[in-house]
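Data block below; observations after.
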Amino acid sequence: MITLHHFFDDLIRAYYSNQLDLVKRTFNNLTDKGRLALFNYMTIDCYYEAIDSDIDPYQLYLEISSL
């Protein structure tokens, strides 16, 4: 079963794999609640994972949403 976390992880992986058209289409098809869930996932759930990396979850969300 695919959870939202798996879906969001795949979306982020696609972004870093330079599959920007796929990311843009997927993001544009999200509802407002889906975008809010993605924002929460990236800024809250990913926060602890991003501490040891150069990833700024807020900046990443802005980059994805601006495609």
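The values are calculated or read from the model by the stated rules, or taken from the named source; none is laboratory data. Everything numeric in this text was worked out from a predicted model, so none of it was measured. Here the Cβ is made from the backbone with ideal geometry for all residues, glycine too, and neighbour counts use every protein chain on show.
Key figures for this structure:
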item: Test for residue 25: is it part of a helix (DSSP H, G or I), basic (Lys, Arg) and at pLDDT below 90; result: no
item: Qualifying residues in segment 28-51 (those that are outside any helix (DSSP H, G or I) and modelled with pLDDT of 90 or more) - the one surrounded by the fewest Cβ atoms within 10 Å (Cβ to Cβ); result: 31
item: Test for residue 55: is it modelled with pLDDT under 90, assigned to a loop (DSSP other than H, G, I, E, B) and not aromatic (Phe, Trp, Tyr); result: yes
